[in-house]
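**Q** Please see the structure below; I have some questions.
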Amino acid sequence: MGRWEPNARERLERSALELFLQQGYESTTAAEIAERAGLAKSTFFRHFTDKREVLFGGQEALNRLFADAITGAPGSATPLDAIRAALESAVRIFSPERHVWVRQRKVVITGNSDLLERELLKLASLTAAMADALRKRGVTDPTASLAAELGRLAFHNAYARWADPANQRDYLEIAHQELDELRAATAALGQEPPAG
């Protein structure tokens, strides 16, 4: 094998998912992933610290993408408008070409409690990144934290709906709908009389 291999990272991701789905996450080794991709084991470790990172390697980039979209939103943007900008920025990641990969990733994560826990930590990290970006815009707490939580919930719901095999809609349309529904629900909290 040559020192440089084109599309090594993508090949490793694709090979890892194939193996995770065929023989299970726990039963798959980094060496097997590299072999399936036609690469050396050392190439795997140049791209990923461990096999779990194949599924979660883009976390820092996603946090940065969301934070940059929030801080770059127009000065007149409300906290939820800035969150909308963050959700819209994910279009670069959740393209139609990535749909199959995301669905397969979801199947692997859903079948493993350790990976589910890691997914929750990923969402907590994303929430913290959004809240920090809102604070940099001058939004104080509890508004910054609440807006970030709504952003996390909208993102999580939109991601799950977009990854559903039956889904035919694009991520952005779903994300807008989720955020609009959450905005309406929070507005309704102050208007509905108690049941009884």
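**Q** Which one of His99, Pro165, Gly38 is farthest out on the positive end of the charge dipole of the chain, using unit charges on Cβ (Lys, Arg +1; Asp, Glu -1) and the Cα centre as origin?
**A** The residue sitting most towards the positive pole is Gly38.
**Q** Now for a different question. For all pairs of alpha-carbon atoms in the chain, what percent lies in each bin of width 10 Å, listed from the first bin to the last filled one?
**A** Whole-percent P(r) values from 0 Å outward: 9, 31, 31, 20, 8, 2, 0, 0.
**Q** Per-residue counts of other Cβ atoms within 10 Å, averaged by peptide: what ranking do you get for 63-69, 152-158, 113-119, highest first?
**A** Descending packing order for the listed peptides: 152-158, 63-69, 113-119.
**Q** In segment 1-83, which GluC sites (Glu not before Pro) fall in coil by DSSP and have 13 or fewer other Cβ atoms within 10 Å?
**A** Glu26
**Q** Please work out the C-alpha center-to-center distance from segment 39-58 to segment 147-196 and express it in whole Å.
**A** 33
**Q** Report the label-to-label distance for Ala188 and Asp114 in nanometres (one decimal), using points 7 Å from each Cα along the Cα→Cβ vector.
**A** Label-label distance for Ala188 and Asp114, simple model: 4.2 nm.
**Q** Please get the size of the charge dipole for segment 58-186, origin at its Cα centre, with Cβ charges of +1 on Lys and Arg and -1 on Asp and Glu, quoted in debye to the nearest 20.
**A** The calculation lands at about 200 debye.
**Q** Filter the chain for me: DSSP H helices, axial length by Cα at least 20 angstrom, mean Kyte-Doolittle hydropathy not below -0.5. List them by residue number.
**A** TM-like helix candidates: 113-136, 143-163, 171-189.
Every read-out reported here was derived from the displayed coordinates using simple, explicitly stated rules and does not represent laboratory data. All of these numbers come straight from a predicted model, not from anything done at the bench. Positions of Cβ are backbone-derived with ideal geometry, glycine not excepted, and every protein chain shown enters the neighbour counts.
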